[in-house]
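S.K.: Can you read through this structure? Questions will come right after.
The values are calculated or read from the model by the stated rules, or taken from the named source; none is laboratory data. Remember, it's a predicted structure, so these values are computed and weren't measured experimentally. We place every Cβ from the backbone using ideal geometry, glycine too, and count neighbours over all the protein chains shown. Only protein heavy atoms, including side chains, enter the accessible area calculation; ligands, DNA and RNA are left aside. Shrake-Rupley method; radii C 1.70, N 1.55, O 1.52, S 1.80 Å.
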Amino acid sequence: MLRLVPLLAVVVLLLGLSAVPAQATPMPPGFHWGVSLAGFQSEGFAPDSNWRRYVEQGTSAIKHPYRDAVDFRHRYASDIELARQLGVNTFRFSVEWARVQPRPGAWDETELAYYDDVVAKVRAADMTPMITLTHFVHPGWVVDQGGWVNPRTVVDWLVYARAIATRYRGLGALWITFNEPTQYRHHERQNGGVGVFEAGTMMTNLVAAHRAGFDVIHEVDPGSRVSSNIAYLPPPLQGFADADFLNRVGDKLDFVGIDYYYGLSLDNLTAIHGASGEFWKIAPQPDGIYYALKEYQRQYPHLPLYVVENGMPTDNGARADGYSRSSHLRDHLYWVQRAMAEGVRVIGYNYWSLTDNYEWGDYRARFGLYTVDVLTDPSLTRRPTDAVAAYRETIAAGGVPADYVPVRRPAWCVFADLRTCLARPPVR
Ligand code: BGC
């Protein structure tokens, strides 16, 4: 037994968790610094759609009235200006299919003109538009034809995708076909849009739509980059989720889009709170983004990675653990930069979200760089959190400094890398 002790010590050293941490190197020129938002969650004045109906029906997910969200529909110019002032060069938003195509074959020119102006303002602010075509929402008439269970929806979605990609071609846009397909399916299941035996069909149709959509967008907007962002889940869950979507579209991606929020380790099993929707109770695990990036670079070595979403929920603006949004932001960027220092190719990072918004049923979980009290403040004033200055300074500096020490220590025995059961990675 005693003879095993030195052996164990050597193993710990050899496992690469060496005493010298890799430097958090600055982001390269051309790196996409971004903010994210989505139509239904921010726009307000929602047309008939699956989600408008869920809100009206008061499904079990609905805890708060929708009202008019944070009225991005009318305040987009000032919100885009807030993003510009942060110094981001990429602005992610979604076009709402339900808004621009309220009936089959009918296009709403006023709403299309609204998106034209969003795109124009984003471009005028020297930002690259990242356009999501579907962020969990589809029109009421699509619901009526069976939603994504009906293969007809694939055909209709491709007409919509072609129209939008044609309208905004030649701008160097980054395109996201579907936001988090597995979460989309989860929402549809949870709200009763899709039955238990229909979930597989929905995914098969999303896969078909993405695959064909990838080709359509490249045809009408050559040179653009197209992907779908996956909701990262710690292993072993991620393997099942990827088998359902990502691995079926792997040859139709220009980059791997990763949304990282929560990790899992033996000393942090708080992700379980996600099951009850109390996301603010989950202890953030910033180093988890590093393992996620390393893993996807291993699986898709020929593709760059893009952190399409990262952010932290508060409980109505507060967190019991006192972890600030600015520390959360810097800590995650530190680990992104660590991964990059080790050769992982990351081309962008978007913060979720520019402002607080409708968190698919409630306003309690808040993710905004700017906070907005939808339920109590009719003026919908955008008030900066501490992360606004932090993001602005970090972008200006090209990332967190090389000597940055994360506020939150690395987790022990991370499910994504069991070598951490022997030793946590050093952070200087
Ligand atoms: C979604 C967003 C959501 C965010 C925070 C992602 O799953 O794309 O719509 O608000 O996570 O929960």
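S.K.: Is there a residue being open to solvent by 20 Å² or more (accessible area, probe 1.4 Å), polar (S, T, N, Q) and more than 30 Å from V400 (Cβ to Cβ) anywhere in segment 80-99? Show your work before the answer.
M.R.: Initial filter on segment 80-99 (open to solvent by 20 Å² or more (accessible area, probe 1.4 Å)): 81-82, 84-85, 87, 89.
Of the ones still in play, those that are also polar (S, T, N, Q) are 85, 89.
Next, from what is left, pick out any that are more than 30 Å from V400 (Cβ to Cβ): none.
No.
S.K.: Specify the residue that is nearest to R189 (Cα to Cα); the eligible residues are those in segment 155-178 that are over 23 Å from the mean Cα position of the chain (by Cα) and among the hydrophobic types (A, V, I, L, M, F, W, C).
M.R.: Across segment 155-178, the extreme among qualifying residues is V155.
S.K.: Just the residues that are out of contact with any Ser or Thr (no Cβ under 7 Å at 6 or more places or on another chain) and either more than 16 Å from N310 (Cβ to Cβ) or not hydrophobic (A, V, I, L, M, F, W, C) (or both), please, taken from segment 338-350. Talk me through it step by step, then tell me what you get.
M.R.: Filtering segment 338-350 down to residues out of contact with any Ser or Thr (no Cβ under 7 Å at 6 or more places or on another chain) leaves 338-339, 342-347, 349.
Across segment 338-350, the qualifying residues are R338, E342, G343, R345, Y349.
S.K.: For A77, all conditions in the list (1) modelled with pLDDT of 95 or more; (2) among the small types (G, A, S); (3) open to solvent by less than 30 Å² (accessible area, probe 1.4 Å); (4) at negative phi hold save one; what is the number of the exception?
M.R.: (3)
S.K.: Residues being within 15 Å of the ligand (Cβ to nearest atom) and either of a type in the set (D, E) or within 20 Å of E342 (Cα to Cα) (or both): count how many of those fall in segment 289-316.
M.R.: 6
S.K.: Can you pull out the residues in segment 40-64 that are among the small types (G, A, S) and surrounded by 18 or more Cβ atoms within 10 Å (Cβ to Cβ)? If you could, list the steps in order and put the result at the bottom.
M.R.: As a first pass, look at segment 40-64 and keep what is among the small types (G, A, S): 42, 44, 46, 49, 58, 60-61.
Result: S42, G44, A46, S49.
S.K.: Let me ask you something else. May I ask you to list the residues in segment 260-276 that are touching a strand residue (DSSP E or B) at 6+ places or on another chain (Cβ under 8 Å), within 16 Å of the ligand (Cβ to nearest atom) and of a type outside the set (F, W, Y)?
M.R.: G263
S.K.: Could you say which residue among R330, R319 is in contact with a helix residue (DSSP H, G or I) (Cβ under 9 Å, 6 or more places away or on another chain), under 30 Å from Y54 (Cα atoms), open to solvent by 10 Å² or more (accessible area, probe 1.4 Å) and more than 12 Å from the ligand (Cβ to nearest atom)? Full working, then the answer.
M.R.: Numbers: R330 fails: under 30 Å from Y54 (Cα atoms).
The match here is R319.
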